[in-house]
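A short write-up of the structure that comes next.
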Amino acid sequence: MSVIEHLPWPLLRQAVAARRGTGDALGRGAAVRSRGTEAKVARTATADRVADSICPFCAVGCGQKVYVKDEKVVQVEGDPASPISRGRLCPKGSASTQLVTSPSRVTTVKYRRPHGTEWEDLDLDVAMEMIADRVLDARRKGWQETDESGRHLRRTLGFASLGGATLDNEENYLMKKVYTALGAVQVENQARI
Amino acid sequence: MAEAHPVGFQWVMEAKRKGATIIHVDPRFTRTSAVADLHVPIRAGSDIAFLGGLVNHVLQGGHEFREYVVTYTNAATIVSEDFRDTEDLEGLFSGYDEERRAYDPSSWQYASGATTAASGQRDPEQAGGVQLQGGSSDSADQGSQGPGGGDSLSTGGVPERPERDETLQDPRCVFQVLKRHFSRYTPEMVEETCGIAPEQLAAVADALVRNSGRERTTALAYAVGWTHHTVGAQMIRTAAILQTLLGNIGRPGGGILALRGHASIQGSTDIPTLFNNLPGYLPMPYARDGLDLDSYIEQDTASTGFWGNSRAYLVSMLKSWWGDAATAENDFCFDRIPRLTGDHGTYQTVLDQIAGKVPGYFVVGQNPAVGSANARLQRLGLANSEWVVVRDLQMIETATFWKDGPEIETGELRTEDIGTEVFFMPSANHVEKDGTFTNTQRLLQWHHKAVEPPDDARSELWFYFHLGRILRERLAGSTDPNDRALLDLTWDYSTEGSHAEPSAEEVLREISGTGPDGSAVSGYTELKADGSTRSGCWIYSGAYADEVNQTARRKPGWEQDLTAAEWGWAWPANRRVLYNRASADPQGKPWSERKKLVWWDEDAGRWTGDDIPDFEATKRPDYVPPAGAKGPDALAGTDPFVMQADGKAWLFAPSGVADGPMPSHYEPTESPIGNPVYPKVTYSPTRQDFDVPGNRRNPARSRVYPFVFTTYRLTEHHTAGGMSRTLPYLSELQPEMFCEVSPELARMQGLDHMGWATLTSGRSAIEARVMVTERMRPLRVGGEVVHQIGLPWHWGPNGLSTGDAANEIVEIALDANTHIQDKVGTCDIRPGRRPRGPALVEHVASYRRRAGLPDDRDVASARGGTLVPGGAGAQADPDGTVARGGPGGPAKGADEESGGSGTAHPGSDGPTDDRGGDRSDHRTDHRGSTA
C-alpha cells in the first residue's frame, strides 16, 4: 500500500481513486470521502427511535420519519415507503426539523389583560378556568332561544371560532361536537378562506 | 402546482415522461409553466369564459363522448319551460330578485314533476324560496343568502323519472339548453375576455379533445385560482361540465383534482369546523317552523341515491354525540342542534365583531390578521372583542395586534384603549400528538406522536377535551334544559400520559363508528336509522374497521400496485377514484382495455377491478329501479353518480347552486374593464359584498386603481406564515415580500427591479420589493391593455422574514355559494415605500377621495370602541340577516374622479395611463343590474 493513500490531500485522493477505478475523476462519491467524513455518523443512525409521521404543510401528505434522541426530535426526513412522496420533501417539508425545534416557539401561556401593555405569564390550569368562565358568560350574552317569528334557534352568537387546516380530524371532531353542544354556530375554518 | 404542491407534481412529470401533454393556464409564468408543454396566460378571474370557450368548442364540434353523456349525465333530461337563460335575459337567469340579490330557482327545475323538483327534495309547500336546497318562501331572511356552501350541492334532488330525450334533440333538453348557453363563448369572446388568442384556445381545445374518449383521459387540476372568486363555485362547475362532456369523470387518469392547500384542509371540510355543515356534508339545519328530524330528512336531503340513507347517517352521528340520551322518542336529540338563520361565516362574524356583537373568539392554528381578506378589518374585529384565545406555535400577528399591529403604528388604535383580553395558548405540533390528516385525495394518514409537547404546549385535542370537561363540571346539576346538550354529550374519552392527553385513536374509532354490539363497523353501509349504530362522520365510517386503525397502515409503495390501497385509508370505503362505475360502459365493460378500472364480473355476479367499486357490489348493470324506489335502490345499474338523486352528472344544476344552473362569466369583484360577455351585468348578481368603512370597493374601470392584482403562494412559505416565516431556512430562501410586474408596467410606472413599490387599493396600501419579470405580461382584453401584478400573500410584520400582508388591500367580497373571498382586485402601483404612521391613513383616504369613495378616516374612531357601520344593511341584523351594502348606503353614485384631489402623498398624483373617457361607476352596475 502506497504512502499516497494515507495523504489527506483531496486532489491527490481524487486522482488516485480515478486511476484505480475506485472513485470518480470529477470528485464525486468515494473520491471525496475523507477520514473525517468516514468518522461522521448521521443523526438518523444514532436516534433512539423513529416515529412515522406526515408532513404538516400542504395537502399532498408526504410521508415523514421523525428521529428522536434523548426525547428530543433530532431530524425529520422524507419516508421512502410513501407511495405518494417516495421519500421526497419540498423545502417546507425539509424544514420540518426547524418547525418542531424552533427557538422562537412560545411554549408557555401568555396573558394580556384588558388595556394591558405587556404580556403576563399565567398558569395553564388557571387559564383554562378563566377561559371556561368566559365561554359560559359569552354563551349567555349571545343566547337566542327563538327568532322573531318564534322559531326555535337555541343557539349562541356570543362566541366564534376560526381553526386552521393543520388541525387533526380528531381535533376538528371534538371542536364541532363541543361547540355544537354549547349552541355555537359561528364555527369556521381555513377551509372557508 | 410545481410551486405550491411540489412533491405531488412529481406525478405530473411522470405522466409527461410517459407522453402526457401538460398545459398550464395561469396569469403568471411559474415553475409549473417552465416544465409544461404549453403555458396560456389568462386574465385573472376570467376562467369561466376560458372554460366556457372549451365547452363551446366541444358542443359545436360534436366532440362530446356521446355514449357516456347520454347515459351518465342529465344531458337528455327536459328542463322546465319556465326556464330563461342568460341569453334570454341579457346576463341573468330567470328567478332573479334584485332586492334580495338572490335567485328563486323554481324555474330551473326539470319539466317532469316540476313542482317536486323545485323543492330539491322538499315538499311542494316549501318549494321556491331558500336557495341551494330548493328552499322555502316562508323565510326571506334565509333566502337572501341561502344556506350557503357548495358543499351541500349534491343534496339537491329531482323528481322521480325525469322526462328524457336520449336523442338529445329536444330544444328543452339539457344538452340543447347547454349548447345555446355556451354558444356565446366563441374564440373571439374568449380573446376579448381572457386575453387568450384563438390559436391558443384552439391548441388547448384540440389537445383536450384528442386526449379524451374511450382510450384516453384528461385530468384537470386546480387550486384557489378557481375557488377564490365571487364566481368560484361556477368556475369549478364549468370544469365539471367540460370533463363530463368529455367522459373524464370516474375514470383512471381523469377527474377534476382540487389541490387543497393544507395538511388537513380536506379533513376540516369533511369533519367540518364550518358553520353550514355537520360531519359528512349533512347540512346544518336552518330555523323552520316545526322542524324535526323527519322534516329535515325529507326536505334537506334527497330521498333517492345514497343521500336517501341520510337518516342512518344523521341518527348514527346523533347517537355518537348524545349516546343513550338520544332515543327514537326524543328524535335522537335532533332539536339540540342549534339552528342557522343566515350566513354565519367567518367574514360575517368579523363584521359582527367590529359592531361589538361577538364577545369571544377562538383562533386555533390560524392567523386571520394576515391570512384573511382585508386584514385590517380582521384586526379591528379582534380589537372589538371582549376576549380572544389564540392557540399557536409562534407569536403570530393575530395574537399581537394590540401591541404592535399596523393600526398601532398608524395611530388608529392605541394599546391602552384596546379592551380585548388575549390568551395565548401554546400548541403541540404534529410530531407531538397522534392523529390523522386528510390529504387532497381524501386519504386519511395517521401521524404518530414522537415526543411529548414541551411546557404548557398541548394539542387541540387536549384543549377541547379539557375545556369541555371543565364546562361540564361547571354546569353539573344545572336544570336549564339548554345545558342538557352539553351535559348529555358523550365525553368520556380515556386519557394517557402525564398531561392527561385524550386518546386520539378512541376519537377516530368513534368517528368511524360502532354497531349494536359495540364493535367497530366496516363502513357506512352498515349504519342504521334506528339508533342501533353510531358513527361520528358517516363518510369516515370504516376508518377503524376490524378494530384496526386503517389510517395508520403504511405498507411500502414498492410492495403495492399503483393504487396502493394499503397505505392509509381513503374515504369513502377506501375508494381511490370516486364514481368509478363510470370507468365501465353501460353494460359494465371497461370503455377500453387501456383505461379499465372497475367492471362487472358476470360470473361472480359482482363489480370488481383495481379499485373498490363505487357502486353497490352486486347491482347488475341492467338493473332498472321499480317505481317508487327510495335510496340507492332508486338508481339504475347505469347510474354511476350515486350521490346524485338521479344518479347522473349534472351538466345543468336544477337546484343547489345559488348563482345559476349553468356558469356564466362575471367580472371579478374589482375589474379594470366591463363584462365583455354580458355587457349589462358586470359582476356576479348574487355575490355578497360589504360596503362598510374599510372595505370600499374600487370603482369599476377606475383610473385611480387601474391595475389588476392577484395573490398567490410560494414553495418556501406556508399560508399566513406562522409555520414558515418563523423558520430560518425558509426565511432565507424567500426573505421578503415582493410583487411581480411586467417590464411594460415597470416602464409605465417608473418601477425599478429590486426597488420598492407602494400598492394602494380602497382598503389600504402596502409596500413590496419590485420584481420586474417577463413572467408577467400585459394582456389585450376588450380593446384595452390590462396589466396584472402578482402578490404573494405570506408576509406579515412578525417572524424572521417580514413584510406587508397582501391581504391588507384585498376586499371582502364573497361567492354566494361558498362565502369565500375573491383574491383578485384592482390597485395603483407607484415607486417608493409606503407612508408611515398617520400618513398612511391619509394616503389611502386621498385615493378614496379621488375615486369618489367615502373618505372613511373617521374609522380611526374604531379605536377601542365600535366601528360605525357605513351602509344601510351593512351589519347583520340580530337575526342574522345577510350583511351587504344596500342601495341606500352612503356615497353611492359618487362617480370616480369627482372627489377631492390627492394631496397627501407624492405618489398619489393622477394616473399616468392614457385611457380616457367616462368610466363612472354606478352602484347599480355593481349590483349586477342593467346600467
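The values are calculated or read from the model by the stated rules, or taken from the named source; none is laboratory data. Values in this document were obtained by computation on a predicted structure and should not be read as measured data. Because the Cβ atoms are built from the backbone with ideal geometry, glycine has one as well, and the counts that use them run over all protein chains shown.
Annotations
- For B:R576, the conditions (1) free of Cβ contacts under 8 Å to residues at least 24 places away in the same chain; (2) within 13 Å of chain A (Cβ to nearest Cβ); (3) part of a loop (DSSP other than H, G, I, E, B) are fulfilled apart from (1).
- If you go through region A:37-68 and keep only what is loosely packed, with under 15 Cβ neighbours inside 10 Å and at the interface with another protein chain (Cβ under 10 Å from one of its Cβ atoms), you end up with just A:R49.
- Checking each residue in region A:80-99 for being assigned to a loop (DSSP other than H, G, I, E, B) and within 8 Å of chain B (Cβ to nearest Cβ) picks out A:P80, A:A81, A:S82, A:P83, A:I84, A:S85, A:R86, A:R88, A:L89, A:C90, A:A95.
- Consider region B:522-540 and keep the residues that are more than 26 Å from the chain's Cα centre (by Cα) and among the β-branched types (V, I, T). The one that is nearest to A:K177 (Cα to Cα) is B:T533.
- Close pairs (7 angstrom Cβ cut-off, 6 or more residues apart or separate chains): more than 30 Å from B:S684 (Cα to Cα) in region B:207-234, hydroxyl-bearing (S, T, Y) anywhere: B:A207/B:T21; B:N211/B:T21; B:N211/B:T218; B:S212/B:T218; B:R214/B:S592; B:E215/B:S592
- Taken over region B:606-647, the criterion of being touching a strand residue (DSSP E or B) at 6+ places or on another chain (Cβ under 7 Å), among the aromatic types (F, W, Y) and free of Cβ contacts under 8 Å to residues at least 40 places away in the same chain is satisfied by B:W607, B:F615.
- Unique residue being crowded, with 24+ Cβ neighbours inside 10 Å, modelled with pLDDT of 95 or more and among the hydroxyl-bearing types (S, T, Y) when the list is B:T400, B:T436, B:T415, B:T420: B:T436
- Checking the stated criteria, B:L208 turns out to be part of a helix (DSSP H, G or I), in contact with a strand residue (DSSP E or B) (Cβ under 9 Å, 6 or more places away or on another chain) and at pLDDT 95 or above.
- Boolean, A:A127 is of a type in the set (A, V, I, L, M, F, W, C) and either in the same structural domain as A:S53 (by TED's automatic domain parsing) or buried (at least 24 other Cβ atoms within 10 Å of the Cβ) (or both): no
- Odd one out for B:I78, checked against (1) under 30 Å from B:V708 (Cα atoms); (2) β-branched (V, I, T); (3) touching a Lys or Arg at 6+ places or on another chain (Cβ under 6 Å): (1)
- Scanning region B:1-56 for residues that are closer than 15 Å to B:L779 by Cα and without any contact (Cβ under 8 Å) to a residue 40 or more places away in the chain turns up just one, B:H39.
- Of the strands (runs of 3 or more DSSP E) contained entirely in region B:725-789, those carrying at least 3 residues that are in contact with a Ser or Thr (Cβ under 8 Å, 6 or more places away or on another chain) fall at B:765-772.
- Candidates are the residues of region A:169-190 that are within 28 Å of the chain's Cα centre (by Cα) and polar (S, T, N, Q); the one that is nearest to B:L444 (Cα to Cα) is A:N169.
- Residue match in region B:373-396 (condition: closer than 24 Å to B:L791 by Cβ, facing chain A (nearest Cβ under 7 Å) and in contact with a strand residue (DSSP E or B) (Cβ under 7 Å, 6 or more places away or on another chain)): no
- Residue check for A:K72: out of contact with any Cys (no Cβ under 7 Å at 6 or more places or on another chain), among the charged types (D, E, K, R) and within 21 Å of A:P103 (Cα to Cα): yes
- Subset of region B:605-618 (residues that are more than 19 Å from B:A565 (Cβ to Cβ) and more than 34 Å from the chain's Cα centre (by Cα)): B:G605, B:T618
- Those residues of region B:12-21 which are closer than 19 Å to A:G78 by Cβ and either crowded, with 16+ Cβ neighbours inside 10 Å or away from every other protein chain (no Cβ under 14 Å) (or both), in sequence order: B:V12
- Filtering region B:696-724 to residues that are touching a Cys at 6+ places or on another chain (Cβ under 9 Å), β-branched (V, I, T) and either part of a loop (DSSP other than H, G, I, E, B) or not assigned by TED's automatic domain parsing to the domain that holds B:D804 (or both) leaves only B:T715.
- The residue list A:V106, A:V74 contains one member that is at negative phi, modelled with pLDDT of 95 or more, more than 8 Å from every other protein chain (Cβ to nearest Cβ) and not in a helix (DSSP H, G or I), which is A:V74.
- Any hit, region A:151-173, residues being of a type in the set (S, T, N, Q), closer than 19 Å to B:V363 by Cβ and free of Cβ contacts under 8 Å to residues at least 24 places away in the same chain: yes
- The condition (being surrounded by fewer than 21 Cβ atoms within 10 Å (Cβ to Cβ), in contact (Cβ under 8 Å) with a residue 24 or more places away in the chain and either polar (S, T, N, Q) or assigned to a loop (DSSP other than H, G, I, E, B) (or both)) is satisfied by just one residue among B:A529, B:A543: B:A529.
- Among the residues making up region B:165-191, those that are crowded, with 20+ Cβ neighbours inside 10 Å and not in a loop (DSSP other than H, G, I, E, B) are B:C173, B:V174, B:F175, B:V177, B:L178, B:H181, B:F182, B:V190, B:E191.
- Residue check, B:L800 in contact (Cβ under 8 Å) with a residue 12 or more places away in the chain and either of a type in the set (S, T, N, Q) or closer than 18 Å to B:A369 by Cα (or both): yes
- Taking the listed residues A:T146, A:T117, A:T166, the one that is farther than 21 Å from B:G356 by Cβ, more than 28 Å from the chain's Cα centre (by Cα), facing chain B (nearest Cβ under 7 Å) and of a type in the set (V, I, T) is A:T117, with no other qualifying.
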